[in-house]
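Heads up, the thing below is written out as structure tokens.
The values are calculated or read from the model by the stated rules, or taken from the named source; none is laboratory data. Given the structure is predicted, the values throughout are model-derived calculations rather than measurements. For neighbour counting, all protein chains shown are included, and Cβ atoms are generated from backbone atoms with ideal geometry for every residue, glycine included.
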Amino acid sequence: MILKKPIIQYFIITMVLLCFGVNITLATKPSAKLINGETWLDTKGRPINAHGGGILFHKGKYYWFGEIKTGKTWRVQGQKWECYRTNAGGVCCYSSKNLKDWKFEKIALSPNMTDSTSDLHFSRVLERPKVIYNQKIRKFVMWLHVDSEDYSYARAGVAVSNSPEGPYEYIKSFRPNENMSRDMTLFKDADEKAYLIYSSENNATMYICMLSDDYLQPTTTYKRVFINQFREAPAVFKLKNRYYMISSGCTGWAANKAMLAVSDSMLGDWKMRYNPCKGEKSEITFGAQSTYILPLCKKKNQFVFMADKWNKTDLPNSKYLWLPIVIKNDSIHIPWQNNFTTK
Ligand code: GAL
């Protein structure tokens, strides 16, 4: 009886509003539709800010880490190339169980706002964060590209946390075996060995370096691959005991052709094969650049190609493209798809 009155009131108000042509939407949750190349919203309806990112799967949840880009974009003077920059905003973490609804967790690695000598100072470059779990030390380990404004510092930084979403405690940065390290990714193999893969020698050659057992340091075991081929933005996956790497060419923020390479082992003989993208604009990776390849947790041998569609003069307004990789016998392709969906 007590309930009846509000229900009747609601009914009357609804009818009146409908008579006036008002569209009543009770849902406040933003649409979880992820349209490739358009703004993606988190569960609170705010644009997702996770560029150059990677995903960790842990205990039934995906954790998406990426560069926080905010504020104005400017061009660094005195560089021959189009060195557009924003202040380094640190690394954020979003979580999701279905890869569609992304909840902002926290700033996983905060920038340093006061000490200009810190690797994490906002005036630096913090790019392409990736996280893996180390069984031995029971910690989550993040590696990222740490650089100076003009990209001459060329180092890889490492941070750790007890929980996947952070906060991560920054340890230090390296030039692994005294070699430059810029665009990078991580790959953890089934035998728990992990590798840091990075553009070195002024981006001319890709390096694959085995990490120490705790994943906190580079070891002296490494391999130079794609020598003098100027590859960037590496992303690695493993399929039926073979290793695949998709990388971009080296044209700054401008999109170029992706290439797929294959090897029988991580430190093996990598062979560059072909451009895996298919469809309109496949010659320029659909206007985007690789960042990570995500194995789908419940689906064996299914992967998602994750890429950034950079907006060089307004970097925080850069967008994402996620495309399922289509694998048929020996052919591996990435066809264009308007929305990100997995079957
Ligand atoms: C790209 C690289 C990005 C960023 C940019 C700077 O080639 O993949 O992560 O470093 O250059 O221009």
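Structure notes:
- Checking each residue in the stretch 288-343 for being acidic (Asp, Glu) and touching a residue at least 40 places away in the same chain (Cβ under 8 Å) picks out Asp308, Asp314.
- Any chance Val146 is surrounded by 18 or more Cβ atoms within 10 Å (Cβ to Cβ), over 18 Å from Pro316 (Cβ atoms), of a type in the set (A, V, I, L, M) and within 14 Å of the ligand (Cβ to nearest atom): yes
- Index of the failed condition, Trp102 passing every other in (1) free of Cβ contacts under 8 Å to residues at least 40 places away in the same chain; (2) under 16 Å from the mean Cα position of the chain (by Cα): (1)
- In the stretch 224-237, the residue that is farthest from Ile327 (Cα to Cα) out of those that are in a strand (DSSP E or B) and more than 15 Å from the ligand (Cβ to nearest atom) is Arg224.
- When the criteria are applied in full, Gly89 meets the requirement of being within 16 Å of the ligand (Cβ to nearest atom), outside any loop (DSSP other than H, G, I, E, B) and either surrounded by fewer than 16 Cβ atoms within 10 Å (Cβ to Cβ) or modelled with pLDDT of 95 or more (or both).
- Condition check for Ser95: farther than 20 Å from Asn317 by Cα, more than 16 Å from the ligand (Cβ to nearest atom), small (Gly, Ala, Ser) and surrounded by fewer than 17 Cβ atoms within 10 Å (Cβ to Cβ): no
- 3 or more residues crowded, with 17+ Cβ neighbours inside 10 Å and within 16 Å of the ligand (Cβ to nearest atom): qualifying strands (runs of 3 or more DSSP E) within the stretch 238-339: 242-248, 289-295, 303-309, 319-324
- Hey, Lys44 among the charged types (D, E, K, R) and modelled with pLDDT of 95 or more or not: yes
- Cross-chain or 6+ apart pairs with Cβ under 7 Å, the stretch 73-97 first and closer than 30 Å to Lys298 by Cα, then among the hydroxyl-bearing types (Ser, Thr, Tyr) and away from the ligand (no atom under 12 Å from the Cβ): Cys93/Tyr63; Ser95/Tyr62; Ser95/Tyr63; Ser96/Tyr62
- Out of Tyr222, Tyr243, Tyr195, sole residue that is within 20 Å of the chain's Cα centre (by Cα) and closer than 25 Å to Val146 by Cα: Tyr195
- Residue in the stretch 103-125 that is among the small types (Gly, Ala, Ser), within 16 Å of the ligand (Cβ to nearest atom) and surrounded by fewer than 16 Cβ atoms within 10 Å (Cβ to Cβ) present: yes
- Residue in the stretch 206-219 that is in contact with a helix residue (DSSP H, G or I) (Cβ under 6 Å, 6 or more places away or on another chain), within 16 Å of the ligand (Cβ to nearest atom) and not hydroxyl-bearing (Ser, Thr, Tyr) present: no
- Any hit, the stretch 43-52, residues being surrounded by fewer than 16 Cβ atoms within 10 Å (Cβ to Cβ) and in a strand (DSSP E or B): yes
Matching residues to (1) of a type outside the set (Gly, Ala, Ser); (2) more than 27 Å from Lys69 (Cβ to Cβ); (3) in contact with an Asp or Glu (Cβ under 8 Å, 6 or more places away or on another chain); (4) crowded, with 24+ Cβ neighbours inside 10 Å:
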{"residue": "Lys130", "(1), (2), (3), (4)": "yes, no, no, yes"}
{"residue": "Ala154", "(1), (2), (3), (4)": "no, no, yes, no"}
{"residue": "Glu165", "(1), (2), (3), (4)": "yes, no, yes, no"}
{"residue": "Glu178", "(1), (2), (3), (4)": "yes, yes, no, no"}
{"residue": "Asp183", "(1), (2), (3), (4)": "yes, no, yes, yes"}
{"residue": "Leu186", "(1), (2), (3), (4)": "yes, no, no, yes"}
{"residue": "Tyr198", "(1), (2), (3), (4)": "yes, no, yes, yes"}
{"residue": "Asn203", "(1), (2), (3), (4)": "yes, no, yes, no"}
{"residue": "Met210", "(1), (2), (3), (4)": "yes, yes, no, no"}
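- Residue in the stretch 21-39 that is more than 13 Å from Lys100 (Cα to Cα), at pLDDT below 50 and assigned to a helix (DSSP H, G or I) present: no
- For Phe140, the conditions (1) at pLDDT 95 or above; (2) surrounded by fewer than 18 Cβ atoms within 10 Å (Cβ to Cβ) all hold with the exception of (2).
- Among the residues here, Lys257 qualifies as of a type in the set (Lys, Arg), out of contact with any His (no Cβ under 8 Å at 6 or more places or on another chain) and over 30 Å from Lys59 (Cβ atoms).
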